[in-house]
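Report on one structure; see the data block that follows.
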Amino acid sequence: MEYEHGDIQSDICIIGGGAAGISIANEFNNSKFRTVILESGSLDYDSKIQELYDGEFTFSGFGLKKNSYDVLTADRLRYFGGTTGHWSGMVAPYDDIDFKKRMWVPNSGWPFNRDHLMPYYDRASKLLGIPKYNFDPVPNHDPKRRPLYFGEETVNTKLFYAARTGNRLRFGDVFFEDFKKSKNIKLFINATVSSLNVNQEGKFIESLSVFKNDINKNKVTVKSKVYILSCGAVENARILLLSDSVMKKGLCNTNDLVGRFFQGHGITYDLKTYIHMLIDNKKIFDLYGLHKYKSTNVFGFLTLSPKLQEKNKLLNSFFSINEWSSIIKDDKVTTSMKKQYMDFLNNLGIDTSDKWYSVNSVMAYEQEPQFHNRVSLINDRDWLNQRKVRVSSKISELQIRTLTETFRVFGNILGEKFLGKIRIPSEIQELFSHSRQWGHYMGTTRMSKSSSDGVVNENCKSHSIDNLYINGSSVFPTGSATNPTYTILAMSIRLADYLKKEVLKNA
C-alpha cells in the first residue's frame, strides 16, 4: 500500500506482520472495521531491514556465559510473514499443567485454563489447514502404531502435528493476496513504528510515529481507535520502552515490568553419545517418527506426566526419540568405522557386549519466568537512530534439575523396558555444552490480574492505557515446553473475538 498524504486513519491498527499480527487481521478481513497493518520489513527478506533486529543476547549461568551479537537476527525474520518464514509448522496445544499455578514454579499461572482456550485452538487448526487436535496418542488410521506405555503417572506420549510439512506455512505468502483484495485491510510495508504517542496523562494513545524506512528517515503519523502491538516478545517490549516522551520509563512500565520475565525454550541437542538402544526396535517407535494422520504429518514425543512433574518439582519438557540410525547394522558404514564407534562407546563406559543401536535425540524444556531475565535498552543505536536491545537470560537451578532429572527418568524407563540405556555424565555441565536458548521468545509483557504483577489483563488490554492491546507470546505468563505458534494463533483469534464483542461493537 502506498503512503497517503497526511495521517493514516483506521479503526484498528496492528503493529507487526508476523503470525500474531496476520492471524488477528485475518479475523477482521472484509468486516466493517478499517484495519491497518504496519510491517517494518518488505515482502521479502532484506538484509538492511534485518539489521534493525541487531542487539545483544547474553545467555549465562552454571559456569557458562555466552555473549552473542547475531542470535537476535538469526532467530527472527523481519518481513511480511515474520518468523513463519522459517517455521517448521510444528503445532500442539500447551499442556493443562502449563496454565496452572505451580507452587514450585515462581510466577506461574495463567488467568484461565486450557479448556477456555480449546475452541480457539480448534479455529487455529482450521486456519492452518490441519485436523482439530486429537489428544489420544493412538492413531485411528493405524492400530499397529502404538504409544509406549510406562504408566500414566510417569511418562506420557504427546503428539505434534506438522502444518503443511514440505511447504512451510509462510503466512506472508498465504495471506498477502487475501489482504490485497480486502475491502477494509490496508498493509503498509517498510513501516517501522518509532513510538506510541500518548496524552499527557499517559492513559490513551493519540497516534503512532512511523518511519518509512527510506534514506531520509521520513515519518508518517497513524491515528486509530484501537492499537494492537504484535511484534514478538523482544520488539513489543522495545517499542514500549522507546516510547518515553511522556512516561520516562516507557509505556506500561510504572512498576518496572516491561521486558521482565523473559523466557525462551532450553534445548539440549545431539544426545546420541548418551543414548544407546539395546535392540533395533524401529517398529516399536513408529509413532515417534514422522507419519500420516488424516493427511497431516504427525510425530510423537515423550513427556513427564503432570504428577511426576509435581512430585519431583520439575519444569515441563519433552524428549524426542524419532531419529533412529542403526549404525552397527548399516551396510553403508565400513567395518573400521564400526570398530571405531564401538571403541568410542567403550571409552564412554558403555557396555558393548550386546548389540547396541544409537539414537540422535533432543530434549526441550521450559524456562520459568524470573524477574531478572529481561529485555532492556542499550545506548547502541540502529540506522534509524533507535536504541538497540539487550536480552539477558540466565540458566536457573530449576532448569538444571529439570534437565538432569528428566534425563535420569527417561534412562530408567528405557532400562526397565529393556529398550536401552542413557549415560548421565558425571559432570552435568557436559550436557549444557550441548544446550542453547531456542528462538521462542515469550513473557515480556505478561498477563496478570493486576498491574503489580504484569503488563496486560486477561483480555490482553494494557493495565494502564485504555486503547492499547498487546498480542503474541509476550503476554504468556509461562511458556510451556511446546512450540508457541499454535497458542499465539489461538490467543490472536480470542483477542479478535473480544474486540468485536466488547470494544468495537458500537464503532
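The values are calculated or read from the model by the stated rules, or taken from the named source; none is laboratory data. Computed from a predicted model, the values in this text were never measured in an experiment. All Cβ positions, even for glycine, are placed from backbone atoms using ideal geometry, and neighbour counts span all protein chains on display.
Limited to segment 73-104, what total is found for residues that are hydrophobic (A, V, I, L, M, F, W, C) and under 15 Å from the mean Cα position of the chain (by Cα)? Give the steps one after another, and end with the answer.
Taking segment 73-104 as the starting set, the residues that turn out to be hydrophobic (A, V, I, L, M, F, W, C) are 74, 77, 80, 87, 90-92, 97, 99, 103-104.
Subsequent filtering for residues that are under 15 Å from the mean Cα position of the chain (by Cα) retains 74, 77, 87, 90-92.
Residues flagged as hydrophobic (A, V, I, L, M, F, W, C) and under 15 Å from the mean Cα position of the chain (by Cα) within segment 73-104 amount to 6.
Of all the criteria given as (1) surrounded by fewer than 18 Cβ atoms within 10 Å (Cβ to Cβ); (2) touching a residue at least 12 places away in the same chain (Cβ under 8 Å), the one not satisfied by Met103 is (2). Of the residues making up segment 276-317, those that are assigned to a helix (DSSP H, G or I), modelled with pLDDT under 95 and either touching a Pro at 6+ places or on another chain (Cβ under 7 Å) or surrounded by 21 or more Cβ atoms within 10 Å (Cβ to Cβ) (or both) number 2.
Among the candidates Ser224, Ser243, Ser207, Ser230, which residue alone is over 30 Å from Pro147 (Cα atoms), in contact with a Lys or Arg (Cβ under 8 Å, 6 or more places away or on another chain) and modelled with pLDDT of 95 or more? Step through it out loud before you land on a result.
Details: Ser224 fails: in contact with a Lys or Arg (Cβ under 8 Å, 6 or more places away or on another chain); Ser243 fails: in contact with a Lys or Arg (Cβ under 8 Å, 6 or more places away or on another chain); Ser230 fails: in contact with a Lys or Arg (Cβ under 8 Å, 6 or more places away or on another chain).
After ruling out the rest, the residue left standing is Ser207.
Considering segment 110-127, the residues that are surrounded by fewer than 17 Cβ atoms within 10 Å (Cβ to Cβ) and in contact with a Phe, Trp or Tyr (Cβ under 8 Å, 6 or more places away or on another chain) include one that is farthest from Thr296 (Cα to Cα), namely Phe112.
Would you mind finding the one in Pro137, Pro143, Pro131 that is exposed (fewer than 13 other Cβ atoms within 10 Å of the Cβ) and either β-branched (Val, Ile, Thr) or at pLDDT below 95 (or both)? Steps first, answer last, please.
Numbers: Pro137 fails: exposed (fewer than 13 other Cβ atoms within 10 Å of the Cβ); Pro131 fails: exposed (fewer than 13 other Cβ atoms within 10 Å of the Cβ).
Just one listed residue meets the conditions, Pro143.
With the requirement that a residue be out of contact with any Phe, Trp or Tyr (no Cβ under 7 Å at 6 or more places or on another chain) and either crowded, with 24+ Cβ neighbours inside 10 Å or at pLDDT below 95 (or both), what does segment 249-261 give you? Matches in segment 249-261: Leu251, Cys252, Val258, Gly259.
Out of curiosity, is Phe33 over 18 Å from Gly232 (Cα atoms), of a type outside the set (Lys, Arg) and either touching a residue at least 60 places away in the same chain (Cβ under 8 Å) or assigned to a loop (DSSP other than H, G, I, E, B) (or both)? Criteria met by Phe33. Here the condition is being surrounded by fewer than 17 Cβ atoms within 10 Å (Cβ to Cβ) and under 19 Å from the mean Cα position of the chain (by Cα); of Asp70, Asp7, Asp46, it holds for Asp70 alone. Only one of the listed residues (Lys181, Lys212, Lys219) is more than 30 Å from the chain's Cα centre (by Cα), under 23 Å from Leu52 (Cα atoms) and of a type outside the set (Asp, Glu). That residue is Lys219.
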